[in-house]
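Trainee: My questions all concern the structure below.
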Amino acid sequence: QAETILPIPAFGENITLRGLTEKETRVGDILQIGTAQIQISQPTQRCRTMGRAIHQKKLLKWIHMHYMTGVYARVLKEGRFSVRSKVRILQKGPSALNVHYLNQQFFNSNNLQLEADRIEPFEELSELWKHSLNKRL
């Protein structure tokens, strides 16, 4: 199986980090990149346009199957960074808000209501994502 290398930003991303996956990332994580600070706020919600743009019609299905959506973040502190800037995790978010787990629940849960009730109290998770989860119910 050949590996396809996509140009950055193939998905319209503002920041691409190597080595920080959905399995390790939690909503609520606070990252320091250069002098800026961001907080992970939700898994990214991808659409079909992305796959069409790079002529990969099955890309969205693959992303959902592997729960590799990427993440959105809110800016806590504006700052400057470059491609050489170090990324440090200053604070981990709640373990219940693991991005891989949230994606699993969003795309494959048999008990979505239970999950919606469980994550509702977490203010770290964006209201937009909570709303999307409730729409799926």
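Trainee: Can you flag which of Lys23/Lys77; Lys57/Lys86; Lys57/Lys92; Lys23/Lys86; Lys23/Lys130 are past 27 Å Cα-Cα? List each step's numbers first, then the result.
Mentor: Values: Lys23/Lys77 25 Å; Lys57/Lys86 35 Å; Lys57/Lys92 35 Å; Lys23/Lys86 20 Å; Lys23/Lys130 20 Å.
Over 27 Å apart, Cα to Cα: Lys57/Lys86; Lys57/Lys92.
Trainee: Arg80 to Asn14: extension gain in nm, 0.36 nm per residue of separation minus the Cα-Cα distance?
Mentor: Values: separation 66, 0.36 × 66 = 23.76 nm, distance 1.34 nm.
So the chain would gain 22.4 nm between Arg80 and Asn14.
Trainee: Any chance you could run the full-extension gain for Lys58 through Ile89? It's 0.36 nm times the residue separation minus the Cα-Cα distance, nm to one decimal.
Mentor: Numbers: separation 31, 0.36 × 31 = 11.16 nm, distance 3.32 nm.
Result: 7.8 nm gained on full extension.
Trainee: How do Lys57, Lys92, Lys23, Lys130 rank by accessible surface area computed with a 1.4 Å probe, from largest to smallest?
Mentor: Values: Lys57 190, Lys92 85, Lys23 140, Lys130 10 Å².
So the residues, ranked largest to smallest area, are Lys57, Lys23, Lys92, Lys130.
Trainee: Would you tell me the accessible area of Phe107, worked out with a 1.4 angstrom probe on the heavy atoms of the protein chains, in Å² to the nearest 10?
Mentor: Its accessible surface works out to 50 Å², give or take rounding.
Trainee: Ordering Arg84, Arg136, Arg26 by how much accessible area each has at a 1.4 Å probe, largest first, what is the list? Don't skip to the answer; put the middle values down first.
Mentor: Working: Arg84 195, Arg136 115, Arg26 70 Å².
My answer, sorted largest first, is Arg84, Arg136, Arg26.
Trainee: Shifting gears a bit: Relative contact order, percent, of the stretch 59-137 when contacts are C-alpha pairs under 8 Å separated by at least 6 residues?
Mentor: Working: 25 pairs, mean separation 23.7, N = 79.
Once divided by the residue count of the stretch 59-137, the mean separation gives 30 percent.
The values are calculated or read from the model by the stated rules, or taken from the named source; none is laboratory data. Bear in mind that the values here come from a model prediction, so they are computed numbers and not experimental data. These area figures cover heavy atoms from the full protein model, side chains too; ligands, DNA and RNA do not enter into them. Shrake-Rupley method; radii C 1.70, N 1.55, O 1.52, S 1.80 Å.
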